[in-house]
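J.: Take a look at the following structure, please.
What follows draws every value from the coordinates through simple rules; no lab data is involved. A quick note: this is a predicted structure, and the numbers were derived from the prediction, not measured. Here the Cβ positions follow ideal geometry from the backbone for every residue, glycine too, while neighbour counts run over all protein chains shown.
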Amino acid sequence: MNLLTRIRTLARVRALPDHELPEVAQSVAIIMDGNGRWAKRRGLPPAAGHRAGARLVRRVVEDSIDVGIHDLSIFAFSTENWSRPQDEVDALMEIFAETIERELPDLVEQGVRVRFIGRKDRAPEGLRRRMAAMEDRTELNARLNLWVAFDYGGRAELVEAARRIVESGVEPQEIDENVFAANLYAPELPDPDLLIRTSGELRISNFLLWQLAYSELVFVDKLWPDFDERDLRASLAEYASRRRRFGGR
């Protein structure tokens with residue numbers, strides 16, 4: 001089986017029941033792709049797909065808790081997404097605000113800590129307030145860390161890290177990987193063990209460029225609103241079947 005065929009068939013890996021699930025990736029990142037295509041196939045506006053995708057996040061968070069994931073990073077809105085039609089962007093901002101209002105009480109109760117990574121200054125003021133409230137209300141939770149990448153771009157993060165290092169006056173010879181990592185948006189975010197991307201696209205789309213250096217990648221053919229617990233478990237089983245060498249043998 002060649003590499004492309006293997007990647008295309010990962011979504012069909014057998015999902016294992018709880019008692020058979022091997023070592024679980026502790027830090028998982030997801031590119032939630034395919035909302036627009038999901039809506040288009042149903043003759044619906046893009047906003048309907050985004051709402052369906054937003055509703056799915058809660059279930060995936062709950063499934064992640066059940067299987068033992070400790071850090072879950074999701075790509076919610078990229079720096080490039082601002083170039084979409086204005087009505088779609090406006091709808092997305094409304095959906096983000098609605099999702100926070102709807103899900104906050106339950107996330108607090110389930111012990112989920114929420115952190116937003118990326119820029120916040122370009123978001124509507126009301127959405128910024130809701131983001132801050134969610135971070136404050138969940139700050140002491142420790143059952144699962146949910147990292148929401150909003151107005152995020154991997155290249156922009158690296159540029160900002162370089163700018164911070166220069167402004168701090170660090171001498172060039174003192175700059176190493178630890179110094180650079182300490183100046184990223186969220187230095188506490190563990191490097192993902194596993195990246196999952198839905199919709200069958202085979203790229204990482206400017207997501208966590210520094211952090212994904214040695215992550216295992218799994219590409220699932222399903223569109224994001226159709227992703228379910230079996231797909232998550234199948235992806236985790238595929239991850240567990242691989243040997244991670246980190247550049248060694």
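J.: If we keep just the residues of region 125-137 that are closer than 20 Å to F75 by Cβ and touching a helix residue (DSSP H, G or I) at 6+ places or on another chain (Cβ under 6 Å), which is surrounded by the most Cβ atoms within 10 Å (Cβ to Cβ)? Steps first, please.
T.: So in region 125-137, the residues closer than 20 Å to F75 by Cβ come out as 127-128, 130-131, 134-135.
Pick out the ones that are also touching a helix residue (DSSP H, G or I) at 6+ places or on another chain (Cβ under 6 Å) and you get 127, 130, 134.
Working: L127: 17, R130: 19, M134: 24.
Per the stated criteria, the residue is M134.
J.: When you go through I30, I69, I65, I100 one by one, which is the residue that is under 22 Å from L202 (Cβ atoms) and of a type in the set (V, I, T)? Working first, answer last.
T.: Details: I69 fails: under 22 Å from L202 (Cβ atoms); I65 fails: under 22 Å from L202 (Cβ atoms); I100 fails: under 22 Å from L202 (Cβ atoms).
None of the other options fit; the residue is I30.
J.: Please work out if W147 is closer than 22 Å to R115 by Cβ and touching a Lys or Arg at 6+ places or on another chain (Cβ under 6 Å).
T.: Numbers: closer than 22 Å to R115 by Cβ: yes; touching a Lys or Arg at 6+ places or on another chain (Cβ under 6 Å): yes.
So W147 passes the test.
J.: When only residues in region 118-137 that are assigned to a helix (DSSP H, G or I) and of a type in the set (D, E) count, which is nearest to N81 (Cα to Cα)? Before you say what the answer is, go through the steps one by one.
T.: Applying the first criterion (assigned to a helix (DSSP H, G or I)) to region 118-137 yields 125-137.
If we keep only those that are of a type in the set (D, E) as well, we get 125, 135-136.
Numbers: E125: 18, E135: 23, D136: 27 Å.
That would be E125.
J.: Mind checking whether some residue in region 64-71 is crowded, with 21+ Cβ neighbours inside 10 Å and of a type in the set (D, E)? Reasoning before the result, please.
T.: Here is the first cut: in region 64-71, the residues crowded, with 21+ Cβ neighbours inside 10 Å are 64, 69, 71.
Filter once more, so that each one left must be of a type in the set (D, E): 71.
Within region 64-71 (the criterion being crowded, with 21+ Cβ neighbours inside 10 Å and of a type in the set (D, E)), the answer is yes, since at least one residue qualifies.
J.: Among the residues of region 163-195, count how many are in contact (Cβ under 8 Å) with a residue 12 or more places away in the chain, of a type in the set (A, V, I, L, M) and under 26 Å from F77 (Cβ atoms).
T.: 6
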